[in-house]
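Notes to accompany the following structure.
The values are calculated or read from the model by the stated rules, or taken from the named source; none is laboratory data. Please read all numbers here as calculations on a predicted model, not as lab measurements. Ideal geometry is used to build each Cβ from the backbone, glycine not excepted, and the neighbour counts take in all protein chains shown. What goes into the accessible areas is simple: the full protein's heavy atoms, side chains included, and nothing from ligands, DNA or RNA. Shrake-Rupley method; radii C 1.70, N 1.55, O 1.52, S 1.80 Å.
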Amino acid sequence: MEAHRSSDRLIWLCEQFVKSDFDAVTALIVKAQKEGAVRNLNAARMRYAIVSLAAVPFSVSAEYQYLTGQNPFSSQEIDSAIEFIHRIVFVDS
């Protein structure tokens, strides 16, 4: 909830807990893009897209299950989500 508006607390939380991971992941994405393994899209947006694709089905699990008929916590659905993210992020080789 802190991320919905700018505040001193948000900045502190980002500096203490988020920024180093964000920087590392975006650097990894950029490196993989240079190697031709990851689609050439904005690295920061790619990081947020990956997090969103992975997290949203769990954060709205009842809605997801009702609308899709799939339990997001099932092994099959988790594997399907991983494959989906893989297809979006990585360049076919």
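Check VAL38: other-chain or 5+ apart residues with amide H under 5 Å from its amide H, H built from backbone geometry?
GLN33, VAL91
Along the Cα→Cβ direction, 7 angstrom out, place labels at SER20 and HIS4. What is the inter-label distance in nm?
Using points 7 Å along Cα→Cβ, the separation is 2.9 nm.
Report, in debye and to the nearest 20, how large the dipole of segment 10-93 comes out about its Cα centre when Lys and Arg carry +1 and Asp and Glu carry -1 on their Cβ. Walk me through the numbers before you get to the answer.
On the way: 7 positive and 9 negative charges, 67 e Å.
I would put it at about 320 debye.
Rounded, prolate or oblate: which fits segment 33-87 when a ≥ b ≥ c are the square roots of the eigenvalues of the alpha-carbon gyration tensor, with rounded for a/c under 1.5 and prolate only if a/b beats b/c? Intermediate values should be presented prior to the final figure.
Numbers: a/c = 3.73, a/b = 2.11, b/c = 1.77.
The shape class here is prolate.
Set Lys and Arg Cβ to +1 and Asp and Glu Cβ to -1, take the dipole of the chain about its Cα centre, and tell me which of SER61, ALA81, LEU10 lies farthest positive.
Projecting each Cα onto the dipole axis, the largest value belongs to LEU10.
Tell me the label only: which of (i) 14, 39, 23, 12, 6, 4, 2, 0; (ii) 15, 35, 32, 18, 0; (iii) 13, 43, 30, 10, 3, 0 is P(r) over Cα pairs in 10 Å bins from 0, in percent as calculated from this structure?
Evaluating P(r) over Cα pairs in 10 Å bins from 0, in percent on these atoms matches (ii).
Tabulate in residue order the Karplus-calculated ³J(HN,Hα) for segment 44-52, using 6.51 cos²θ - 1.76 cosθ + 1.60 with θ = phi - 60°, rounded to whole Hz; enter x for Gly and Pro.
5, 5, 4, 4, 5, 5, 4, 4, 5
Between LEU13 and VAL60, take the C-beta separation as r, use R0 = 25 Å, and let me know the FRET efficiency to the nearest 0.05. Kindly include the intermediate steps, with their values, before the conclusion.
Numbers: r = 23 Å, r/R0 = 0.93.
Here the calculated transfer efficiency is 0.60.
Using 0.36 nm per residue of separation minus the Cα-Cα distance, give me the extension gain between SER80 and ARG45 in nm, one decimal. Can you show the working numbers first?
Working: separation 35, 0.36 × 35 = 12.60 nm, distance 2.19 nm.
Separation in residues times 0.36 nm, less the Cα-Cα distance, equals 10.4 nm.
Which chymotrypsin sites (Phe, Trp or Tyr not before Pro) does the chain hold that lie in a coil by DSSP with at most 14 other beta carbons within 10 Å? Spell out each step's value before the answer.
Details: sites: TRP12, PHE17, PHE22, TYR48, PHE58, TYR64, TYR66, PHE73, PHE84, PHE90; in loops: PHE73.
Answer in residue order: PHE73.
Tell me, what % of the accessible area of segment 14-87 is carbon and sulfur with a 1.4 angstrom probe? Write down the numbers at each step before the final one.
Working: 3190 of 5470 Å².
Carbon plus sulfur share of accessible area: 58 percent.
With every protein chain in place, what's the accessible area of GLU2 (1.4 Å probe, Å², nearest 10)?
Approximately 70 Å² for this residue.
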